[in-house]
């Protein structure tokens, strides 16, 4: 009868190795895509977010650049922002003080625009979606801040926060906007003081709320249903 040869170890197939490499590349690509879509930590901030807090935002990382993190809670969900006190100290200090005082509680994103592409809030006249809609967008706080545009590396790009103002360039108060597309033609005229670091999908949802679209009509660019565009609260998570 024939002699059986002893069984040796099977060599790993090249196909299995190729599949493993492809899987690793796919996972890495997915991670990069997630970071891109949901923002990033600018200005030298480092660390990763782990867990969530009672605001619905991720626990902020420890910032090496002194950035301040805040959670913005809305009717469409919550998102997190990083504020830049190193670039816009007066604007950020005013924003933090207003947030901590409850000024931003229960307001409306009263302007949802496409040109420039922004969503805007911070008008006390929109409190609880009340008052006369004809005056929405004209109110502010009792404090004003000057234009701060010394940092040329900050732009009105998608996801970045800017301070709204009147005709006077130093009339910034409480109203602010978030760019939903790149709007670099606004650079130099408005203070850029923060960026969305997670939850940009919530900002996009607010930007998609139906609005009045007749430029010559009442309530132009205001949400038809304010309950879909509520600013519930802004909570300072760290720093400041």
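Before moving on, here are some points about what is shown:
- Just so you know, in the range 212-234 the residues that are surrounded by 20 or more Cβ atoms within 10 Å (Cβ to Cβ) and part of a strand (DSSP E or B) include one that is farthest from the chain's Cα centre (by Cα), and it is 223.
- Scanning the range 74-93 for residues that are surrounded by fewer than 21 Cβ atoms within 10 Å (Cβ to Cβ) and not in a loop (DSSP other than H, G, I, E, B), we see that the one that is nearest to the chain's Cα centre (by Cα) is 78.
Each reported figure results from applying straightforward, stated rules to the coordinates on display, with no laboratory input. Note that the structure is predicted; figures quoted are calculated from it, not measured. Here Cβ is always computed from backbone atoms with ideal geometry, including for glycine, and neighbour counts include all displayed protein chains.
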